[in-house]
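Chemist: First the structure, which I've put down as C-alpha cells, then a few questions once you've had a look.
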C-alpha cells in the first residue's frame with residue numbers, strides 16, 4: 001500500500017493578485033539607505049515580503065540578526081557582506097541567503113550605489129522598516145540627514161522596537 005500524496009489546498013479567492021507599480025509604493029529612508037516595499041506580508045498572507053533596496057556608497061545596516069530568512073539578489077553594484085564574522089564580496093547577478101538567527105550585516109564599500117532585492121520569509125521586516133524609517137519621495141531619494149541628537153534618538157527607537165520585530169542589534173556580525 002502506498003502512502004497518499006498530500007493534496008493542494010483549494011484556491012483562496014479572498015487573496016488578490018499583487019501588482020507592484022513604482023508610483024504607488026512606500027519608499028522608506030533608513031540608515032542612509034532607501035528601501036521600497038514592493039510586496040508586503042499582508043499581500044502574501046505573511047509568507048514573505050519583498051523590498052527593493054538602494055544602498056549608496058558607505059550605506060548598509062549595523063550588525064544584526066533575526067529569526068527569519070533573508071535573501072538578497074544583487075541587481076546592480078557590489079557590496080561586502082559579513083556572515084558570522086567572515087567577509088565576502090557580493091556582485092551584481094549574485095544571490096546571498098542569510099539563514100534565520102545568523103549574525104550578519106552588509107555594507108556598500110564601493111564608489112557606486114547598490115541595488116538589490118531583499119526577500120524576508122516569513123514577512124514582518126517591512127513593518128519594522130515602515131515604523132522606524134521615514135517616508136521619502138522615490139526609490140533613490142536619500143533619507144534626511146540626522147543631527148547628532150536625532151541620530152541618538154533614532155538608535156534608541158530602533159533598539160526599543162527591534163524585539164517586537166524579532167531582531168537583535170549586535171556589536172559584530
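What follows is calculated from the coordinates using simple rules that are stated; it is not laboratory data. This structure is a prediction, so every number in the text was calculated from the model and none was measured. Cβ atoms come from the backbone with ideal geometry, glycine included; neighbour counts cover every protein chain shown.
Chemist: Per 10 Å bin, what percent of the C-alpha pairs of the chain does each bin hold, from zero upward?
Modeler: 10, 35, 36, 12, 5, 2, 0, 0
Chemist: Just to verify a number: FRET efficiency for residue 171 and residue 148, C-beta to C-beta distance, R0 = 22 Å, to 0.05? Don't skip to the end; give the middle numbers.
Modeler: Numbers: r = 21 Å, r/R0 = 0.94.
The formula returns an efficiency of 0.60 here.
Chemist: Relative to the present Cα-Cα distance, how much length would full extension add between residue 4 and residue 100 at 0.36 nm per residue of separation? Don't jump to the answer; show the numbers that get you there.
Modeler: Values: separation 96, 0.36 × 96 = 34.56 nm, distance 3.20 nm.
The residue 4-residue 100 span can extend by a further 31.4 nm.
Chemist: Could you calculate the FRET efficiency of residue 64 with residue 23 from 1/(1 + (r/R0)^6), where r is the beta carbon distance between them and R0 is 25 Å, rounded to 0.05? Walk me through the numbers before you get to the answer.
Modeler: Values: r = 31 Å, r/R0 = 1.25.
Once the sixth-power term is evaluated, E becomes 0.20.
Chemist: How high is the relative contact order of the chain? Use alpha-carbon pairs under 8 Å, at least six apart in sequence, and give a whole percent.
Modeler: Numbers: 375 pairs, mean separation 48.6, N = 173.
It comes to 28 percent, rounded to a whole number.
Chemist: What 222 nm value per residue comes from the helices of the chain, counting each DSSP H run with n ≥ 4 as -39,500 (n - 2.57) and dividing by all residues, nearest 500 deg cm²/dmol?
Modeler: Values: 2 runs with 22 residues, N = 173.
Theoretical 222 nm ellipticity from helices: -4000 deg cm²/dmol.
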